[in-house]
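We did not get these values from a lab; they are worked out from the coordinates using the rules stated. Everything quoted here is computed from the prediction, not taken from an experiment. Here the Cβ positions follow ideal geometry from the backbone for every residue, glycine too, while neighbour counts run over all protein chains shown.
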Amino acid sequence: MPNHKSAKKRSRQAKNKNKLNRSLSSKVRTSLIKLKNDINEKKHEAATLSLQLFNSALSKAIKGRIIKKNNASRKLSSLSNKLKEIL
């Protein structure tokens, strides 16, 4: 339990940041699962929409410094290549 005023404030900030980070990473995970399911079921139109949502979630995660830029780029590239294969 923090005793100083600044430590109490830092503790509150950490809790709020944790909530935001969890929600963003959860959105990335759920959109990734949905995209993979659409690709496996070979639903082209649904997969393209899922790819857009996944790209948006990744961009927000990069902006919030939850995922590194190259990691997101690699994931997006590999999934878009898989999407091209189902055509």
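The dipole here belongs to the chain: it is taken about the Cα centre, uses +1 on the Cβ of Lys and Arg and -1 on the Cβ of Asp and Glu, and is about 920 debye.
Comparing 40, 28, 80 along the charge dipole axis of the range 2-87, the residue lying farthest to the positive side is 28, per the Cβ-charge model. You can think of it this way: the chain between residue 73 and residue 8 has 19.7 nm of extra reach, that is 0.36 nm per residue less the Cα-Cα gap.
Principal-axis analysis of the Cα atoms of the chain puts helix 44-63 at an angle of about 30° to the longest axis.
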